[in-house]
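Each remark here refers to the structure printed beneath this line.
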Amino acid sequence: MNILVTGGAGYIGSHTVVELMKAGIDVVVVDNLVNSSKESLKRVEAITGKAVPFVEADIRDRAAMKKIFAENKFDAVIHFAGLKAVGESVQKPLMYYENNISGSLVLFEEMAAAGCKNIIFSSSATVYGDPAFVPITEECPKGKITNPYGRTKDMLEQILTDIQTADPDWNVILLRYFNPIGAHESGTIGENPNGIPNNLMPYITQVAVGKLKELGVFGNDYDTPDGTCIRDYIHVVDLADGHVKALNRIQQNPGLAIYNLGTGTGSSVLDVIHAFEEANGVKIPFSFKPRRAGDVAVNYCDAAKAKKELGWEAKFNLTDMCRDSWRWQKNNPNGYED
Ligand code: NAD
Ligand code: WQD
């Protein structure tokens, strides 16, 4: 199989490229490096012992995309490329709509022109908004989304659904990720945020490594057992494996299929802090801060559909995720700049 991986130099993309190559699948990565560096792919090459074909290009660049499809015959596309910072998307909505929507439209048009009609799309649990029920199944109605980033995911799900309805030759798999954390066991690839992290785990690891003084825990008055928000954290390597399993499924011509990728277990912010401290023997100083706008109290999934139809389930637990996040950060205090 030959797969185009858009955004393959990024956090989830680089881990997925490792798992694809381990499974004997050929890949071509396209990335404009707006939120990543070539170094991640060099490290993927060191892990796998194989070269990673890479095209540095923006998916909005139609000529570049035409050239990629003219030079390769792909069985499917795994589409990670996009901007993903929730707060930034509120400040710069046009940038998010332009990059995520316009870029994806060019990609989908060039796929259609090349006759490549199989796509796996990185969607997000954010489409459930404040979920109507937990654990969240794929039947849970979509909720009110509070930011432009999340709306791009919702819109792209709808666009792909419409494309598949109009032309049943398309196979579209929407993967709704819950909260990816962790890193490859080698400690050589991992999440590498620019500036001060917005997300919990990279914030914790930067406190642990001494780059930040203390963690602010956003809210301790939620209606949860310890008052802090509950999320479904999933190891990025499990998530990567979910894409390999989704590729097997897409070959069975599923039409449109949607899967939650999470562990099915909810953990509070305090659970994560304590698990990190225990797994790694490092103290994480923290203090409670006001709630963060847009946060929902509880969000975790029912992952039974992915187990039944993809034969996929998460193997790693929260301790594994904390251990692997820390190994990456400790070995690379400045990410890929080291
Ligand atoms: P990331 O920023 O590490 O990776 C995205 C990659 O896309 C980066 O390498 C970036 O350089 C590239 N990119 C962005 N715009 C591009 C463009 N126009 N052309 C070419 N390349 C472009 O993010 P990630 O965490 O690996 O996320 C991957 C995908 O999964 C994204 O679509 C994201 O929205 C989605 N997702 C992420 C999370 C999460 O918490 N990390 C959760 C749910 C969904
Ligand atoms: C987790 C918990 C925070 C930072 C985001 C996106 C979502 C998806 C995954 C892409 C929350 C708390 C955090 C901190 C804290 N991404 N927290 N102090 O918000 O669940 O999901 O990433 O699709 O769309 O919104 O993840 O890691 O930011 O927060 O207390 O410094 O940690 O309040 O309860 P979130 P997160």
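Read the figures in this text as sums done on the coordinates, not as results from a lab. These numbers come from a predicted model, not from an experiment. Note: ideal-geometry Cβ built from the backbone for every residue, glycine included; neighbour counts use all protein chains shown.
Below are the figures for this structure:
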item: Calculated P(r) tail over 21 Å for segment 35-125, as whole % of Cα pairs; result: 42
item: Nearest-ten-degree value, helix 62-71 long axis tilted from longest Cα axis of the chain; result: 70
item: Share of alpha-carbon pairs per 5 Å distance bin for segment 94-207, given as whole %; result: 2, 10, 16, 18, 18, 16, 13, 6, 2, 0
item: The chain - share of DSSP beta bridges that are antiparallel (%, nearest 5); result: 5
item: Two-site label geometry, Lys22 and Glu185: point separation in nm, points 7 Å out along Cα→Cβ; result: 0.7
item: Cα long-axis angle, helix 11-22 against the chain (0 to 90 degrees, to the nearest 10); result: 60
item: C-alpha center-to-center spacing [segment 68-125, segment 187-257] in angstrom; result: 21
item: Cut-off of 10 Å, at most 13 other beta carbons, DSSP loop: longest stretch of the chain lacking such GluC sites (Glu not before Pro); result: 1-138
item: Over 26 Å (Cα to Cα) - which of Lys38/Lys330; Lys92/Lys245; Lys38/Lys308; Lys84/Lys144; Lys84/Lys330; Lys50/Lys211 fall in this group; result: Lys92/Lys245; Lys38/Lys308; Lys50/Lys211
item: Sequence of Arg176, Arg62 once ranked by neighbouring C-beta atoms within 10 Å, starting from the fewest; result: Arg62, Arg176
item: Mean shadow area of segment 140-211 over all directions, Cα convex hull, nm²; result: 7.8
item: Enclosed volume per residue, in Å³, of the convex hull spanned by Cα atoms of the chain; result: 122
item: For the chain, built as a Gaussian network whose Cα springs stay under 10 Å, the top-fluctuating residue of Pro180, Pro254, Pro290; result: Pro290
item: Extension gain from Glu277 to Lys307, taking 0.36 nm per residue of separation minus the Cα-Cα distance; result: 7.7 nm
item: Ellipsoid equivalent to segment 150-306 - semi-axes via the Cα gyration tensor, in Å; result: 33, 18, 14
item: For segment 232-295, with +1 on Lys and Arg beta carbons and -1 on Asp and Glu, the positive-most of Pro290, Asn248, Gly264 along the dipole; result: Pro290
item: Order of Asp232, Asp221, Asp302 - criterion: other Cβ atoms within 10 Å of each residue's Cβ, fewest first; result: Asp221, Asp302, Asp232
item: Convex hull volume per residue in cubic angstrom - Cα atoms of segment 268-338; result: 164
